[in-house]
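To keep things clear, I will list the structure first and then write my remarks on it.
The values are calculated or read from the model by the stated rules, or taken from the named source; none is laboratory data. The model shown is predicted, which means the values in this text are computed figures rather than measured ones. We place every Cβ from the backbone using ideal geometry, glycine too, and count neighbours over all the protein chains shown.
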């Protein structure tokens, strides 16, 4: 079958047990990484992007459940996990914003 995130999501929605299990395993691994990161840097929100985020609740429902298991500190237990608004373009938009911010001092003679 189709091994892309879109293909596996379609199979999971159709009830394929292997596809459903793959989202559950991915959610557990992602939750462990998010919980560890949140413990180190005290983040308030984790934004998930890329093709897998397009799976919606197939990913986010088991992710929230797994995150509650992995989150041992109170500030991690209240962490919000959301899909990226810009989807697959988030990295591109971030790079453009960084380039614009770096170029801005060059365009403003008063900032020199």
All but one of (1) more than 11 Å from the chain's Cα centre (by Cα); (2) within 13 Å of residue 67 (Cβ to Cβ); (3) buried (at least 18 other Cβ atoms within 10 Å of the Cβ) hold for residue 8, so report the exception by its number. (2)
Per-region count, the stretch 1-21, residues under 17 Å from residue 50 (Cβ atoms) and part of a helix (DSSP H, G or I): 7
Here is a check on your reading of the model: is residue 100 more than 18 Å from the chain's Cα centre (by Cα), at pLDDT below 75, farther than 26 Å from residue 59 by Cβ and assigned to a helix (DSSP H, G or I)? no
Which numbered condition residue 80 fails, given (1) in contact with a strand residue (DSSP E or B) (Cβ under 7 Å, 6 or more places away or on another chain); (2) surrounded by fewer than 10 Cβ atoms within 10 Å (Cβ to Cβ): (2)
The stretch 40-67: number of residues that are farther than 22 Å from residue 89 by Cα and surrounded by 13 or more Cβ atoms within 10 Å (Cβ to Cβ): 8
